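Remarks on the structure that follows.
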Amino acid sequence: WFCAILPRRSRGHLSLPPYAASLRMGKDRRKEKAEESESLGKKADKFGKKGDGKIAQNQGPDKSFTHQTCRHILVQKQSDALRISEEIHTGKISFNEAAFKYSEDKAGAHGLLGDKAQNELDPDFWAASIKCKEGDWLREPVKTQWGWHLIMVQARITKKKK
C-alpha cells in the first residue's frame, strides 16, 4: 500500500496518482495564533515563544512616549474657559478656530505648543494631558500658574536623545 501513495514515473516525468488532489495539506495556522496571542496581550520571550498568556500585573500605565504635540486655549477666567468648552462641544466652533480667536497665549502661536516633553510643561498641564486621548481634547478646563487651559493632545511621540 505504501507504493500507492508515492508518485509514479511515466516517460521520464513524475505524475501524481488521481487521488492526490484530495491529499492537501492542512492550513498553516501559526500566523493566526500569533495574531490571537498578541491581541490577548501574551508576551513573546527572546526566542519568539509566547508567554503564559497573562498580562504582567506589576506594570504601571504604558508610557511609551517622551513628547506630546499639544494645542491649548489659555484664558484668565474659568467662566470663559467653560463657555468656550461648551461652544466647541456643541459644534458652534472648532477647537482650532477657538484657539485662534480666544487664546491669550503670549507666544502668539494661537494655542499651538508643538512637541513638548514633561519638563517643558507645567506639572498640572502635563498631568491633565496624560488623561486625554490622543487626537481628542479635555472638556474640563485645567488651572495652572498662567491661567485656565483647554487642552488638545494631537499626538504622542518618542524622540531619541541627542
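The values are calculated or read from the model by the stated rules, or taken from the named source; none is laboratory data. Since the model is a prediction, treat every value here as computed from it, not as a measurement. Here the Cβ positions follow ideal geometry from the backbone for every residue, glycine too, while neighbour counts run over all protein chains shown. SASA here: full protein model, heavy atoms, side chains in, ligands and nucleic acids out. Shrake-Rupley method; radii C 1.70, N 1.55, O 1.52, S 1.80 Å.
Some notes on this structure:
- Segment 118-143: number of residues that are touching a helix residue (DSSP H, G or I) at 6+ places or on another chain (Cβ under 6 Å) and either modelled with pLDDT of 90 or more or exposed (fewer than 14 other Cβ atoms within 10 Å of the Cβ) (or both): 3
- Residue match in segment 144-157 (condition: open to solvent by less than 20 Å² (accessible area, probe 1.4 Å), over 18 Å from Arg83 (Cα atoms) and part of a helix (DSSP H, G or I)): no
- Pair list, Cβ < 9 Å and 6+ apart or interchain, from segment 121-144 residues that are on the phi > 0 side of the Ramachandran plot to residues that are modelled with pLDDT of 85 or more: Gly135/Met152; Gly135/Val153; Gly135/Gln154; Gly135/Ala155
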